[in-house]
């Protein structure tokens, strides 16, 4: 396992089963839940979460409402994990994933870590300045349409 389980944004940057320290820290701080991601890789979910956070920060009322609805939809997918595993708290998965050994990737397939936006409050302005300045908020409608179409499948 690498020394760092997270990326420059403080988000999970290794496969779920390899990010034990990060999962434990997020779970203990109640800063996220595991969700059934519907085939969406963690890296794409991370990007989507950053985009949602930016829209919540600086979008218009309609865009913020869409971002909140999408975030709530994603969060509701933790119920699938709770039904299957008995919990969606990332800390509760550290030991079981370690115990599955070589099957950890298979056991965690389909799961992804969804963060509470509050975890990144101080970083959102940095994201806007460093990475989202070139992303016009008008593109949000396209992103929202693609993700909601995928979620409907």
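The residues in the stretch 88-117 that are within 30 Å of residue 55 (Cα to Cα) and either without any contact (Cβ under 8 Å) to a residue 24 or more places away in the chain or loosely packed, with under 12 Cβ neighbours inside 10 Å (or both) can be counted, and the count is 1. Of the helices (runs of 4 or more DSSP H) lying entirely inside the stretch 36-118, those containing at least 3 residues that are in contact with a strand residue (DSSP E or B) (Cβ under 7 Å, 6 or more places away or on another chain) span 42-58, 78-85. Of everything listed in (1) part of a helix (DSSP H, G or I); (2) in contact (Cβ under 8 Å) with a residue 24 or more places away in the chain, the single unmet condition for residue 33 is (1). Residues in the stretch 10-38 that are at pLDDT below 85 and either under 12 Å from the mean Cα position of the chain (by Cα) or surrounded by fewer than 19 Cβ atoms within 10 Å (Cβ to Cβ) (or both): 10, 11, 12, 13, 14, 15, 16, 18, 21. Please enumerate the residues belonging to the stretch 92-116 that are at pLDDT 85 or above and under 15 Å from the mean Cα position of the chain (by Cα). Those that are at pLDDT 85 or above and under 15 Å from the mean Cα position of the chain (by Cα): 110, 111, 112, 113, 114, 115, 116.
On the stretch given as the stretch 72-84, residues that are surrounded by 13 or more Cβ atoms within 10 Å (Cβ to Cβ) and free of Cβ contacts under 8 Å to residues at least 40 places away in the same chain total 2.
The values are calculated or read from the model by the stated rules, or taken from the named source; none is laboratory data. Computed from a predicted structure; not experimentally measured. We place every Cβ from the backbone using ideal geometry, glycine too, and count neighbours over all the protein chains shown.
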